[in-house]
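Every number in this text was worked out from the coordinates using simple rules, so none of it is lab data. Because the structure is predicted, anything quoted here is derived from the model rather than measured. FYI the Cβ positions are ideal-geometry reconstructions off the backbone, even for glycines, and counts take in every protein chain you see.
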Amino acid sequence: MKVQIKDGVGFESGDDFVLRAALSQGLGFPYECASGSCGNCRFELLSGDLEYPNGHPTILTDRDAKRNRHLACQCIAKSDIEIKVRLFDEYEPIHKPSSFPATLAEMVTVTHDIVEFRFSVSSQQAFEPGQFALLDLPNVAGARAYSMSNLCNSKGQWDFQIKRVPEGSATTRLFDHVAIGDSIDIIGPYGRGYFRGFRGRDIVLVAGGSGLSPMVSIAKAIDQLKDGRNQERVHFFYGGRSEIDLAGESFLSEMSGFGDWLRYEAALSNPTSDQADGIFHGFIHELVKDRIGSDLANVDLYFAGPPLMANAMETVIREYKAPSEHVFYDRFG
Ligand SMILES: Cc1cc2nc3c(=O)[nH]c(=O)nc-3n(C[C@H](O)[C@H](O)[C@H](O)COP(=O)(O)OP(=O)(O)OC[C@H]3O[C@@H](n4cnc5c(N)ncnc54)[C@H](O)[C@@H]3O)c2cc1C
Ligand code: FES
């Protein structure tokens, strides 16, 4: 099938989702989650037919229906179509994403509800620290987005730190039904919240709960590239609810700058025992405000976590006028 953008380029989408087809051909189609929850990939259908193989997206409103607006990450063209959408250079993928099979090689416990799933792939697909991929799991409608926790490597290992969501369809399948040796499809990489290197400013990494994975990946990149560091310091903040959620420090403590120019601090919103003495009590964005405050305008800021945390961080960013070209993140929903 051919997708023609009004007053713009055309591209072949085959039987792939419109967004995936556009990005795999290097086009700057706007998106954020690539998995049906943010709405950033909306476009207007001018002619032709399409279908939603995983069901009609719930975030499309009556207003969208009236304007014939659709979600590119969720629909497939059933005929040649013409669409109206504005492409942007900033969405052009740094690595063109592809789809490839992956075998689950190892599962490593991180906390009571976060496991690192290590997949082995034979594809040469590259990714940047902090990017995410889609996992297409058997018997789950719609692929889900998960961020890699490791660095691109020649062994073809792709690691994802994933938090179990009670009753969540993808995480229940992954935690309870996918076994070592099983194969699934990975599609990626995606995302713009990836590490931009040392740029003469301190670096602040903020991970809330399930947002640990991409921040660990970026911390690993920082460690790998440390010879290129000048005076930059790195602050890694992790937020959880109670003591059993504490994570992140073990991934950093082996790194050479740890305790010196690389610092870790946690925040717990609901501590339950004196084990939490000495740990910041409150939400993670409050910890960031307390420790970095107005210096947020002078740092490179990366963050990841659930929607409420991302909203709170966006408020902090506005409050301290952190320039948008210094802030990198992909919304988790
Ligand atoms: C960019 C990004 C990166 C992420 N990185 C991580 C990570 O590193 N670690 C982590 O633990 N989590 C991550 N998440 C969250 C993850 O993608 C899942 O939302 C989470 O694991 C819950 O999935 P679930 O199916 O178990 O839960 P559910 O509650 O069953 O589903 C969660 C979400 O999946 C979507 N969904 C549901 N049904 C469909 C369908 N039919 N078709 C398409 N989508 C559907 C909806 O948006 C829904 O809110 C990330 C999310 C995004 C957007
Ligand atoms: S990119 Fe399609 S809904 Fe988020």
For the range 259-319 (alpha-carbon point model, no solvent) the Debye-based log₁₀ I(q)/I(0) at q = 0.14, 0.16, 0.28 Å⁻¹ works out to -0.45, -0.59, -1.30
Over all directions, how big on average is the projection of the convex hull of the alpha-carbon atoms in the chain, in square nanometres? 17.6
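I need the semi-axes of the equivalent ellipsoid of the range 26-156: take the C-alpha gyration tensor, multiply each eigenvalue by 5, square-root it, list largest first in whole angstrom.
On the way: eigenvalues 192, 61, 38 Å².
Semi-axes, largest first: 31, 17, 14 Å.
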Distance in nm between pseudo-label sites at Asp277 and Ser183 (7 Å out along the Cβ direction from Cα): 5.6
Using a 10 Å cut-off around each Cβ, can you sort Trp158, Trp261 from fewest to most neighbouring Cβ atoms? Trp261, Trp158
If one compares the long axis through the Cα atoms of helix 307-319 with the longest principal axis of the Cα atoms of the chain, the angle in degrees, nearest 10, works out at 70
I need the peptides 102-109, 74-81, 35-42 ranked by packing, meaning the mean over residues of other C-beta atoms within 10 angstrom, with the highest value on top. 35-42, 74-81, 102-109
Label-point separation in nm, Val165 to Lys84, each point 7 Å along Cα→Cβ: 3.3
Fully extended contour minus Cα-Cα distance, from Ser253 to Asn153, at 0.36 nm per residue: 33.8 nm
I'd like the orientation of helix 212-224 relative to the chain: the angle between its Cα long axis and the longest Cα principal axis, in ° from 0 to 90, rounded to 10. 70
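Between Asp260 and Asp64, what length in nm is gained on full extension when 0.36 nm per residue of separation is reduced by their alpha carbon distance? Write down the numbers at each step before the final one.
Details: separation 196, 0.36 × 196 = 70.56 nm, distance 5.18 nm.
Going from the current span to full extension adds 65.4 nm.
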Lys and Arg at +1, Asp and Glu at -1: add these up for the other residues within a Cβ distance under 11 Å of Asn153 and post the number. +1
For the modelled label position 7 Å from the Cα of Asp176 along Cα-to-Cβ, which residues of the range 135-153 have backbone nitrogen atoms closer than 17 Å? 137-141
Ranked list, fewest to most other Cβ atoms within 10 Å of each Cβ, for His177, His95: His177, His95
Distance between the range 264-333 and the range 28-46 - C-alpha centres, whole angstrom: 27
Using Cβ counts within 10 Å as a stand-in for footprinting exposure, how do Val115, Val165, Val216 rank, fewest first? Val165, Val115, Val216
Find how many whole Å separate the alpha carbon centroid of the range 91-135 from the alpha carbon centroid of the range 169-207. 6
Net charge, Gly188 excluded, C-beta distance under 15 Å - Lys, Arg +1, Asp, Glu -1: -3
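As a test of understanding, state the convex hull volume per residue of the range 2-91 from its alpha carbons, in Å³.
On the way: hull volume 7.8 nm³, N = 90.
So the per-residue Cα hull volume is 87 Å³.
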Subtracting the Cα-Cα distance of Ser47 and Leu246 from 0.36 nm times their residue separation yields 66.5 nm
Label points 7 Å out from Cα along the Cβ direction at Asn311 and Ala297: separation in nm? 2.7
